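The values are calculated or read from the model by the stated rules, or taken from the named source; none is laboratory data. The structure presented is a predicted model; accordingly, all values stated were derived computationally and were not measured. Counting neighbours? That spans all protein chains shown, and the Cβs are built from the backbone with ideal geometry, glycine included. Remember, those area values only see protein heavy atoms, side chains included, never the ligands or the DNA or RNA. Shrake-Rupley method; radii C 1.70, N 1.55, O 1.52, S 1.80 Å.
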Amino acid sequence: MHRVITIWAGMILFLLFSGFIIPAGTGVPAFLKGKITSESTGEALAGASIYFPGLKRGTLSSADGSFFMEKLPASPLLIQVGSLGYKTYTGTIDLSVTREINFVLKKSVTEIGEIVVTGQPDATEQKRTPVPVGIIPQTELFQTPSTNIIDAIAHVPGVSQITTGSGISKPVIRGLGYNRVLIMHQGVRQEGQQWGDEHGTEVDGFGVDHVEILKGPASLAYGSDAMAGVINLLPGPGAPEGAIRGNLTSNYQTNNGLIGYSVNLAGNKKGLVWDLRYSSKLAHAFENKYDGPVYNSGFREHAGGAMIGLNRAWGFSRLNLSVYHLKPGMTEGERDSLTGKFIRLVPGNDGEEQEIPAVSSDFNSYQPDVPFQKITHYKAVWNNRIYLGQSNLQTILGFQQNHRKEFESPDEYGLYFLLNTFNYDLKYTFPEIRNWNITTGINGMWQRSRNKGSEFLVPAYHLFDFGVFTIISKETGKFNFSGGLRFDRRSEDVDALFVNSQGEAVPPEEAGATERFTSLDKTFDGFSGSMGATWQISETFHTRANISRGFRAPNIAELSSNGEHEGTFRYERGNPALRPESSWQFDWGAGMDTEHISAELSLFHNTVDHYIYSHRLNGVSGSDSLDQGLPVFKYAAGKAQLKGGEFTIDIHPHPLDWLHFENTFSYTRGVLKNQPDSSRWLPMIPAARWTSVIRTDFERVNRLMSNAYLKFGVDYNFEQDHFYAAYGTETRTPAYTLLNVGAGTDFTSGGKTLFSLNISVNNLADVAYQNHLSRLKQAGINYRTGRSGIYNMGRNFSFMLRIPVGF
């Protein structure tokens with residue numbers, strides 16, 4: 001604890017000194033003004049966006065195309081200028097010498113020139129990053145029906161999700177999930193017991209403006225747990241100077257009766273910025289044509305957040321506060337053996353619980369029944385960037401507290417994890433020297449997890465880690481080079497626990513006490529690095545290559561779990577002998593963007609030493625190894641190899657610029673080396689997937705409707721017959737095809753948007769299917785039909801409405 005106190009005290013003192021002394025002496029205010037016009041017509045573009053990603057500040061052009069921004073740092077800054085239907089301009093402007101500039105935008109039917117900030121020393125263009133980074137803009141999130149933020153991004157090529165019904169999703173990038181995927185939100189890593197199968201992401205999806213997905217371990221700024229990549233959930237640019245902006249968003253979905261809404265308001269007055277949001281979602285049981293309504297698969301979600309900050313000539317400072325609450329039902333899939341109907345437990349006349357069939361009121365209830373979870377996540381993040389002439393310093397301090405309770409009766413919890421996390425991040429970017437950019441930093445976290453319930457799955461523990469890194473990049477003509485090195489060290493101290501014959505925690509000296517968890521003191525360290533380049537062959541073609549090394553320390557469940565994992569249909573045992581994972585990954589990609597075709601190919605090959613996975617155990621007799629009536633799963637390690645890639649192509653034949661034919665294909669193959677056939681294939685690897693979408697876009701339909709679209713899509717998931725078959729750990733998953741339809745438009749008056757409406761239908765043909773990464777696939781057999789597990793959601797209509805407000 002003394003280590004984190006020392007770090008926090010030092011960083012706070014440094015921030016106070018930097019924020020109040022340095023800006024006063026060196027922060028020379030700059031401004032930028034100009035005009036934005038169309039190259040084809042010469043007309044002024046009203047409502048075009050001017051945005052500085054490094055400052056998190058932007059504005060919109062006025063009716064005559066002009067713009068003005070003041071109180072800017074007199075430093076080189078990356079700027080992004082865009083307007084709907086035009087090619088986005090990106091470039092660096094040195095505000096110490098440039099105060100006025102005009103932009104002429106070219107017509108474009110595709111989004112190119114997007115800015116990315118994830119995994120980079122500073123913001124840069126997407127096509128100039130040597131590793132693949134996917135971007136999901138706000139408009140696409142709005143048009144994609146989903147039940148949570150991970151569900152909303154799982155359609156991206158190379159990205160999948162491990163699901164527990166409709167309420168809980170965990171991201172998977174190129175076959176790697178759990179603690180190998182790092183989720184960033186508000187500038188810090190999201191920490192909420194990611195090791196659990198049924199532990200989702202505690203983030204309000206309504207509050208996410210856009211998403212950046214870095215695929216692979218080339219994430220030197222993040223460290224351990226980013227072996228598979230990084231998902232960065234980013235906020236919007238905020239309100240322009242002198243304005244108050246906001247919106248009311250609502251969503252209704254028919255399959256599970258989801259009712260969601262979010263209210264947001266943000267302002268900016270003389271550099272004082274603020275943002276407020278409250279969101280809510282309620283859903284009852286989802287259904288499909290094989291299972292009907294799935295008992296206890298509903299959830300309740302509530303979230304709120306506030307931000308206050310300063311924009312000044314020396315940079316910015318932001319304080320974000322948020323709270324997130326989720327109450328999901330835990331579907332166990334228990335059925336009556338004769339009728340196949342789902343059953344629920346009710347108190348009997350003798351005081352004992354008895355099983356009765358679930359009825360319509362149970363399926364339509366918005367209040368989850370037992371067993372259920374209650375998750376509450378609090379977060380405070382202080383984010384600062386200070387410009388010191390040609391250099392800049394970024395500091396982030398964060399605190400998170402995660403309460404996770406599992407209830408087996410309405411008023412009594414069994415498991416209760418309380419996790420406190422302190423995050424710290426300090427980065428310094430040196431002045432550019434001959435196009436060389438150097439960023440160095442240190443970051444990490446301190447954690448304390450305690451068991452406050454009457455049941456135990458993992459022990460209480462302390463964790464402290466830190467990482468130091470340096471990233472170097474250079475742009476020279478058509479080439480961009482970047483690379484770096486990082487060292488991480490993580491300490492995990494596990495507390496011993498003794499229990500009596502009733503499973504209650506007792507002192508070790510008590511008679512009959514047995515050791516449930518053994519004390520451990522583990523330290524893991526390792527190097528990670530990356531080196532890559534991009535080549536802008538022409539304005540149309542580009543290519544990139546990168547080689548990277550990743551590192552990940554084992555998590556607490558992998559090392560020390562010992563107990564029934566409620567909702568996962570198994571008893572888990574850890575392995576204290578596990579070693580940290582290390583990987584080597586090679587990435588290569590190429591892309592093109594012409595008047596008629598946009599395409600991108602990304603290939604990867606990844607070798608992971610000491611790859612950690614969970615598999616089912618057999619008893620001495622060859623039958624299932626059982627503990628408390630559940631099959632036992634134990635963590636093991638081996639050498640893994642993953643390879644595959646993604647391909648996307650968008651055909652937009654000129655002059656039919658309103659027509660798009662979009663296709664994507666993603667494939668990942670994962671094997672365990674030197675294993676027999678039954679355990680050769682890695683578990684939890686998504687099946688190959690092909691999607692085709694025909695889409696029409698119309699900038700103007702009539703005087704009341706603009707930015708309209710209509711799309712029809714086919715989503716084909718291939719058979720997954722490469723699965724970890726040993727001991728019945730996994731089973732084959734058949735192929736399936738889903739049809740999806742969507743339409744939407746903005747309703748306008750006097751040049752202003754009154755509201756936006758989006759209508760979508762997922763699984764139009766109401767196909768009964770099981771995704772290979774659905775955990776409900778592992779539920780028990782329906783003896784009436786002979787089908788095993790629970791099927792995914794059937795046909796679902798979604799209605800999204802957004803009403804903007806502004807002053």
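Considering each of Asp197, Asp225 in turn, give the residue that is over 28 Å from Ser482 (Cα atoms), of a type outside the set (Gly, Ala, Ser) and touching a helix residue (DSSP H, G or I) at 6+ places or on another chain (Cβ under 8 Å). On inspection, the qualifying residue turns out to be Asp197.
What pairs come out if I take residues in the stretch 452-464 that are farther than 13 Å from Leu418 by Cα and pair them with residues that are aromatic (Phe, Trp, Tyr) whose C-beta lies under 6 Å away, six or more apart or interchain? Listed by first residue and then by second, the contacts come to Phe464/Trp446. Within this structure, Thr470 fails the test of being touching a strand residue (DSSP E or B) at 6+ places or on another chain (Cβ under 6 Å) and crowded, with 18+ Cβ neighbours inside 10 Å.
If you go through the stretch 184-241 and keep only what is of a type in the set (Phe, Trp, Tyr), in contact with a strand residue (DSSP E or B) (Cβ under 9 Å, 6 or more places away or on another chain) and in a loop (DSSP other than H, G, I, E, B), you end up with just Tyr222.
The C-beta contact set for the stretch 427-439 (first residue closer than 13 Å to Lys474 by Cβ, second residue among the aromatic types (Phe, Trp, Tyr), distance under 6 angstrom, 6+ apart or interchain) comprises Ile438/Phe430. Does at least one position in the stretch 626-635 carry a residue that is farther than 28 Å from Val458 by Cα and exposed (fewer than 14 other Cβ atoms within 10 Å of the Cβ)? No, the conditions are met nowhere in the stretch 626-635. Examine the stretch 437-449 for a residue that is in contact with a strand residue (DSSP E or B) (Cβ under 9 Å, 6 or more places away or on another chain) and under 30 Å from Asp369 (Cα atoms), and state whether such a residue exists. Yes, the stretch 437-449 contains a residue that is in contact with a strand residue (DSSP E or B) (Cβ under 9 Å, 6 or more places away or on another chain) and under 30 Å from Asp369 (Cα atoms).
Suppose we keep only residues that are farther than 30 Å from Ser798 by Cα and in contact with a Ser or Thr (Cβ under 8 Å, 6 or more places away or on another chain) within the stretch 225-249. Which one would you say is most open to solvent (accessible area, probe 1.4 Å)? Among residues in the stretch 225-249 that are farther than 30 Å from Ser798 by Cα and in contact with a Ser or Thr (Cβ under 8 Å, 6 or more places away or on another chain), the one most open to solvent (accessible area, probe 1.4 Å) is Glu241.
Look at (1) outside any strand (DSSP E or B); (2) open to solvent by 70 Å² or more (accessible area, probe 1.4 Å) and you find that Leu754 fails only one, number (1).
Restricting attention to the stretch 93-133, the residues that are at pLDDT 85 or above, assigned to a strand (DSSP E or B) and open to solvent by 30 Å² or more (accessible area, probe 1.4 Å) total 3.
The residues of the stretch 666-709 that are surrounded by fewer than 18 Cβ atoms within 10 Å (Cβ to Cβ), basic (Lys, Arg) and closer than 30 Å to Asp609 by Cα, listed by number, are Arg669, Lys673, Arg680. Within the stretch 710-724, being among the hydrophobic types (A, V, I, L, M, F, W, C), farther than 20 Å from Asn758 by Cα and open to solvent by less than 70 Å² (accessible area, probe 1.4 Å) holds for one residue alone: Phe723.
Pairing each residue of the stretch 595-619 that is on the phi > 0 side of the Ramachandran plot with any residue that is buried (at least 21 other Cβ atoms within 10 Å of the Cβ) and in a strand (DSSP E or B), provided the two are 6+ apart or on different chains, yields C-beta distances under 6 Å for His610/Glu581. Residues that are closer than 19 Å to Met793 by Cα number at least 1 in the following strands (runs of 3 or more DSSP E) confined to the stretch 287-360: 299-312, 315-328. Tallying residues that are buried (at least 18 other Cβ atoms within 10 Å of the Cβ) and part of a strand (DSSP E or B) within the stretch 250-262 yields 5. Tell me, please, whether a residue that is more than 31 Å from the chain's Cα centre (by Cα) and modelled with pLDDT under 95 can be found in the stretch 363-384. Within the stretch 363-384, not a single residue is more than 31 Å from the chain's Cα centre (by Cα) and modelled with pLDDT under 95.
Which residue is least open to solvent (accessible area, probe 1.4 Å), if the candidates are limited to the stretch 28-71 and must be β-branched (Val, Ile, Thr) and in contact with a Leu (Cβ under 7 Å, 6 or more places away or on another chain)? Selected residue: Ile36. Against the list (1) touching a strand residue (DSSP E or B) at 6+ places or on another chain (Cβ under 9 Å); (2) open to solvent by 60 Å² or more (accessible area, probe 1.4 Å), the condition Ser361 fails is (1). When Pro145 is tested against (1) assigned to a loop (DSSP other than H, G, I, E, B); (2) open to solvent by 10 Å² or more (accessible area, probe 1.4 Å); (3) within 30 Å of Ile547 (Cβ to Cβ), only condition (3) is not met.
Applying the set (1) within 26 Å of Val117 (Cβ to Cβ); (2) open to solvent by less than 20 Å² (accessible area, probe 1.4 Å); (3) aromatic (Phe, Trp, Tyr) to Phe456 leaves exactly one unmet item: (1).
Select from the stretch 72-85 the residues that are within 31 Å of the chain's Cα centre (by Cα) and open to solvent by 20 Å² or more (accessible area, probe 1.4 Å) and write down the one among them that is farthest from Gly236 (Cα to Cα). Looking at the filtered set, the residue picked out is Pro76. Residues in the stretch 431-489 that are of a type in the set (Phe, Trp, Tyr) and touching a His at 6+ places or on another chain (Cβ under 9 Å): Trp446 only. Scanning the stretch 440-453 for residues that are in a strand (DSSP E or B), within 29 Å of Glu515 (Cβ to Cβ) and open to solvent by 10 Å² or more (accessible area, probe 1.4 Å) yields Trp446, Arg448, Arg450, Asn451.
Pairs linking a residue in the stretch 379-396 that is small (Gly, Ala, Ser) to a residue that is buried (at least 21 other Cβ atoms within 10 Å of the Cβ), with Cβ atoms under 6 Å and 6 or more positions apart or on different chains, are Ser391/Thr429. Taking residues in the stretch 484-510 that are more than 17 Å from Met445 (Cα to Cα) and open to solvent by less than 30 Å² (accessible area, probe 1.4 Å), and partners anywhere that are of a type in the set (S, T, N, Q) and outside any loop (DSSP other than H, G, I, E, B), the pairs with Cβ atoms closer than 7 Å and at least 6 places apart or on different chains are Gly484/Thr470; Gly484/Ser530; Val499/Thr514.
When His652 is tested against (1) modelled with pLDDT of 90 or more; (2) surrounded by 18 or more Cβ atoms within 10 Å (Cβ to Cβ); (3) closer than 24 Å to Thr745 by Cβ, exactly one condition is not met: (1). You will find that of Gln354, Gln390, the residue that is touching a Gly at 6+ places or on another chain (Cβ under 7 Å), modelled with pLDDT under 90 and open to solvent by 10 Å² or more (accessible area, probe 1.4 Å) is Gln354 and no other.
Restricting the stretch 281-332 to residues that are touching a Lys or Arg at 6+ places or on another chain (Cβ under 7 Å) and closer than 24 Å to Arg787 by Cα, the residue that is least open to solvent (accessible area, probe 1.4 Å) is Tyr295.
If you go through the stretch 263-286 and keep only what is farther than 22 Å from Pro357 by Cβ and assigned to a loop (DSSP other than H, G, I, E, B), you end up with Lys270, Gly271.
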